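Since every read-out is calculated from the coordinates, none of them should be taken as a lab result. Keep in mind it's a predicted model, so treat the numbers as computed, not measured. Neighbour counts run over all protein chains shown; Cβ positions are idealised from the backbone, glycine included.
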Amino acid sequence: MSTINQSGWRPTTPQAGESDAATFTGNRALMLEEALIFEIGSADTTGVDFGEAPAGKSRLAGMEREKPIGLPGLSEPETVRHYTRLSRQNYAIDLGLFPLGSCTMKHNPRLNERMARLPGFADIHPLQPVDTVQGALEAIDQLAHWLITLTGMQAVAMSPKAGAHGELCGVLAIRAALDAKGETARRIMLVPESAHGTNPATAAFAGFAVEDIPATPEGRVDVAALKARLGPDIAGVMITNPNTCGLFEPDLKDISDAVHAAGGYVYCDGANFNAIVGRVRPGDLGVDAMHINLHKTFSTPHGGGGPGSGPVVLSAALAPYAPLPFVEKTDEGYRIVEEENAGEHHAGTFGRMTAFHGQMGMFSRALTYILSHGADGLRQVAEDSVLNANYVLRSMEDVLDAPFAKTGPCMHEAIFSDKGLPEGFSTIDIAKGLIDEGYHPMTVYFPLVVHGAMLVEPTETESKAALDEFIGAFRSVASRAKQGEAALKSAPHFAPRRRLDETLAARKPVLTYKDPVPAEAAE
Amino acid sequence: MRYLPLTPADRQAMLGTIGAQSIDDLFVDVPESARLSGPIAGLPMHASELAVERHMTALARKNIAAGEAPFFLGAGAYRHHVPASVDHLIQRGEFLTAYTPYQPEIAQGTLQMMFEFQSQIARLLGCDVANASMYDGSTACWEAITMARRVTKRGKAILSGGLHPHYVSVAKTMARFTGDQLVTGVPVLSPEPDTLDLINAIDADTSCVVVQYPDILGRIEDMSALAEACHAKKALLIAVVTEPVALGAIKSPGEMGADIVVGEGQSLGVGLQFGGPYVGLFACSEKLVRQMPGRLCGETVDASGKRGFVLTLSTREQHIRREKATSNICTSSVLCALAMSVHMTLLGEKGLRQLAELNHVGASAAADRLAEVDGVELVTDRFFNEFTLKLSKEARPVVRQLADKGILAGVSLGRLYPGVTELENGLVVAVTETTTEEDVETLASALEEVLA
């Protein structure tokens with residue numbers, strides 16, 4: 001038998017002198033350790049039965065892979081157990097409130113999953129003849145109609161694969177529009193310093209130089225500074241609204257008008273659209289492009305970090321530059337506009353961003369979610385998400401510094417700072433303390449404009465009882481931090497792992513499993 | 001509304017705590033001119049689960065699913081059997097509804113899976129290291145080209161005519177804005193790929209050569225000589241794999257000298273899904289790792305000395321480096337990577353090799369059978385599970401006619417290269433373990449009729 005892990009080492013073996021290793025296995029009842037597949041699997045085990053391949057002619061002609069690949073296999077029961085045990089080491093929305101600011105960790109309805117798995121959506125090929133996929137194109141068209149209507153925009157590009165890819169789409173549309181007008185001197189993108197890191201990275205990826213715009217002490221874009229910087233070298237501005245401090249930018253329309261008057265375009269980061277869906281249309285605020293994270297506002301699963309989906313709504317000014325391919329309704333049904341037929345009336349397109357049509361599996365989920373809520377339910381989503389965040393804000397502001405609480409209500413997320421914590425204590429200690437209380441922490445140290453920021457986004461799918469319990473835990477941990485409770489510095493104590501050494505991981509990167517050298521070979 | 005737990009009484013009580021009269025008080029920062037007074041007109045209101053299911057099912061029924069017809073499409077997306085346990089495991093709520101593992105103490109499940117995935121992918125592609133996934137193969141391919149630019153500090157990339165035309169389109173879109181120079185071509189309907197032309201094109205400005213393996217026509221070609229030629233001119237060789245199952249049968253790009261290997265992982269575990277979400281693969285040699293884009297998971301220890309995993313080398317990434325990051329990528333495609341990883345674990349090396357053999361033997365037999373049809377000529381002589389036929393007629397209308405007969409016959413080169421007359425009779429046919437002998441017979445006799 002070809003065992004890949006020749007050492008037989010298990011991570012769960014208690015270490016000598018380890019004080020809390022009181023069990024033989026290292027397990028703690030339902031808290032189960034799990035070895036790597038490379039340590040438990042073998043190259044000649046498989047969990048899939050195939051019939052014997054019939055004898056046939058090989059056409060590989062010398063290209064055969066002769067060396068071992070080194071892929072461990074497990075039987076089906078071992079596979080199911082391996083991944084189930086791993087899954088239990090994760091926190092997830094299904095387990096509890098997940099207040100990760102800017103990420104909109106709302107409940108993921110299971111009807112979405114069922115609909116995405118209908119063979120008519122899940123088992124169709126992107127290059128099938130167009131008349132065999134009319135239902136898929138109709139579903140895309142219906143979702144597109146909802147997104148355009150909810151945002152008050154002119155068009156939508158459906159193909160971007162995630163939020164940052166959507167940002168890229170919007171910024172490339174701006175670049176293409178400027179190029180089409182011969183405005184090659186406009187090469188600077190203005191980005192508020194509170195922006196998510198993808199904004200400046202995206203602008204740079206699209207060939208723009210980035211300049212920061214400062215924030216006011218009230219947590220909003222400094223409109224005067226922004227206006228003062230407008231001129232013939234400015235391509236546009238990327239603004240997040242509601243912004244990363246959880247506040248609505250009340251001057252966005254004014255900003256848009258000024259940017260347009262100066263010859264630039266307005267990109268709006270739609271990461272926080274959940275706060276305003278059904279109550280405000282970004283198109284009414286002069287926005288030219290905005291991506292929508294279907295995995296945030298429209299509940300497609302986050303999946304441990306993707307796949308996302310980032311359709312981009314566009315104004316009339318940018319719509320002619322939208323990427324290929326896209327779906328178009330005609331008298332004979334739906335068709336796909338791509339390279340060969342774009343010339344007819346979409347010659348300005350900046351081209352293709354991804355191989356196929358975008359994240360169909362996410363479109364079917366998002367459409368299911370939207371149809372379930374309807375126009376009334378979506379408006380209620382925004383209202384409840386804002387209500388829940390303000391409830392947290394007002395329930396916490398006496399124990400934690402809330403830098404913008406005095407200026408008015410927040411939108412869908414409440415922000416706190418580490419001001420007032422004793423020497424040696426910081427945001428991270430509160431975050432890790434919340435882990436022991438059974439919560440995923442809020443977003444920490446972002447946005448950068450707030451010292452030791454804690455960004456709490458409860459979302460609308462939390463009940464009042466769930467919020468009250470969270471607030472109780474949050475208040476308790478915050479109070480203990482303020483009192484300088486030493487135990488918090490080493491939290492979490494009850495998670496599957498204690499604090500991990502990230503410095504070691506970066507200094508000596510171990511990114512793949514290496515087979516141990518067998519003892520006899522090492523001698 | 002079934003997804004919203006607050007009751008009217010809750011809302012009233014909470015407004016009281018906040019000190020607001022009504023919900024409108026919380027939206028005061030929105031200028032009055034932009035406030036919507038009620039649900040947007042012209043859109044339907046909320047609907048029951050049953051009603052939504054009816055609506056979605058009706059839409060899905062308007063499509064012909066691959067499983068309902070003899071099915072031969074490939075060209076960058078492949079239909080394979082996905083074991084039932086894969087879909088069960090990715091629906092575990094702890095995987096499905098978790099997020100990027102920013103808090104590693106309570107995300108070891110995702111992190112360990114990412115580490116295992118990186119290890120599996122590195123071995124499969126024959127490289128030292130792999131990242132935790134990209135959006136898809138086409139975007140991974142462009143990211144590899146930009147990485148070669150950063151490594152070599154040169155701006156000219158040479159793309160093989162055998163590279164998927166949509167991948168070429170993505171690169172062209174991006175290069176137009178970044179100023180990268182691309183040398184591109186279209187494939188020639190011949191058994192031999194353009195390796196010699198590529199070797200001759202490499203010069204002192206070349207950052208990389210990009211080849212697909214197996215290529216868009218299904219051809220497999222040893223890339224060792226090409227790798228040597230690249231390295232002699234200090235350029236990088238990028239290999240693109242759109243059918244990873246092939247690597248259970250044929251040499252990996254890494255062992256032939258490719259510096260960066262990217263790919264589309266969809267064919268293992270993920271399914272067709274009309275083009276997405278898929279999972280981009282990205283692997284390279286150890287010395288290039290700090291120029292690599294995307295999320296990386298690394299091994300470390302916790303405060304009590306236990307092995308654990310964290311996201312690492314994030315100083316390459318946008319949330320730290322902002323405009324100086326290696327890429328603007330934020331998320332990856334973790335749930336699809338999980339599906340792929342679970343499928344690879346179920347297969348193991350033994351199962352993957354068996355699966356690859358079934359694919360190859362089936363494709364080889366299908367090619368022989370289809371070549372017997374009058375008006376059909378087999379173009380490719382060395383291939384894995386996909387091959388190109390030259391028909392006596394333009395292939396695109398033939399594919400449409402066959403679809404009317406309930407057969408999804410393959411991808412015509414006219415669909416992939418519209419307007420290129422030399423390619424218009426080409427049909428790319430993929431055969432996997434899901435294809436039966438009856439399917440092949442059905443296609444053969446239908447082709448016989450259509451080409452007569």
Percent relative contact order for segment B:261-415, counting Cα pairs under 8 Å at least six residues apart, stands at 15 percent
Rounded to the nearest 500, what is the 222 nm mean residue ellipticity of chain A from helices alone, with -39500 (n - 2.57) per DSSP H run of 4+ residues and division by all residues?
-10000 deg cm²/dmol
If Lys and Arg each add +1 and Asp and Glu each add -1, what is the summed charge of the other residues whose beta carbon sits under 14 Å from the beta carbon of residue B:137?
-3
Could you tell me whether segment B:292-415 comes out rounded, prolate or oblate from its Cα gyration tensor? Rule is a ≥ b ≥ c as square roots of the eigenvalues, rounded for a/c under 1.5, then prolate if a/b exceeds b/c, otherwise oblate.
prolate
Of all DSSP beta bridges with both partners in the protein assembly as shown, the antiparallel percent, nearest 5, is 60 percent
Determine Rg/Rh for the protein assembly as shown; Rg is computed over alpha-carbon atoms and Rh is the Kirkwood hydrodynamic estimate from the same atoms.
0.96
Expressed to one decimal in nm², the mean projection of the alpha carbon convex hull of chain A is 31.8 nm²
Over chain B: helical MRE at 222 nm, DSSP H runs n ≥ 4 each giving -39500 (n - 2.57), nearest 500:
-11500 deg cm²/dmol
With a 29 Å threshold on alpha-carbon distance, the violating pairs from A:57/B:62; A:106/A:406; A:419/A:489; B:233/B:287 are A:57/B:62
Please compute, for peptide A:199-212, the average count of beta-carbon atoms on other protein chains lying within 10 Å of each residue's beta-carbon.
5
Which translational diffusion coefficient, to the nearest whole µm²/s, is obtained for segment B:84-343 from the Stokes-Einstein equation, given a Kirkwood hydrodynamic radius over C-alpha pairs, 10 °C and 1.306 mPa s?
85 µm²/s
For the pair residue B:9 and residue B:205, the simple spin-label estimate (label points 7 Å beyond Cα toward Cβ) gives in nm 7.6 nm
For segment A:100-188, alpha-carbon Rg and Dmax in angstrom:
17.5, 50
For the pair residue B:287/residue B:61, report the inter-label distance in nm, with labels modelled 7 Å from Cα in the Cβ direction.
6.2 nm
Partner chain Cβ atoms within 10 Å, averaged over the residues of A:61-68 - can you pull that number for me?
6
Using only atoms on other chains, find how many Cβ atoms lie within 10 Å of each Cβ of peptide B:204-216 and report the average.
0
Per principal axis, largest first, the Cα atoms of segment A:386-507 extend in Å by 43, 29, 29
Share (percent) of C-alpha pair distances in segment B:65-196 greater than 17 Å works out to 74 percent
What's the extension gain from residue B:231 to residue B:17 if we count 0.36 nm per residue and subtract their Cα-Cα distance?
70.2 nm
Mean separation of Cα pairs under 8 Å and 6+ residues apart, divided by the residue count of segment B:84-343: what relative contact order is that in percent?
27 percent
FRET efficiency estimate (nearest 0.05) - Cβ-Cβ, residue B:393 to residue A:331, R0 41 angstrom:
0.90
Rounded FRET efficiency, nearest 0.05, which uses the C-beta distance separating residue B:315 from residue A:212 and R0 of 22 Å
0.65
Please arrange B:382, B:369, B:295, B:219 by counting, for each residue, the other beta carbons lying within 10 Å of its beta carbon, fewest first.
B:369, B:382, B:219, B:295
Taking the simple approach of a point 7 Å from Cα along Cα-to-Cβ for both residue B:381 and residue A:490, what is their distance in nm?
7.2 nm
Here the FRET efficiency for residue B:197 versus residue B:87, based on Cβ atoms and R0 = 45 Å and rounded to 0.05, is 0.55
On a 0 to 90 degree scale, rounded to 10, what angle separates helix B:8-18 from the longest Cα axis of chain B?
70 degrees
Filtered hits (lysines, Cα-Cα < 21 Å from residue A:67, offset >= 8 within chain) -> A:514, B:251, B:350
Got a sec? How would A:363, A:24, A:425, A:494 order by Cβ neighbour count within 10 Å, fewest to most?
A:24, A:494, A:425, A:363
Taking neighbour counts of Cβ atoms within 10 Å as a proxy for exposure, in what order, fewest first, do A:376, A:384, A:468, B:136 appear?
A:468, A:376, A:384, B:136
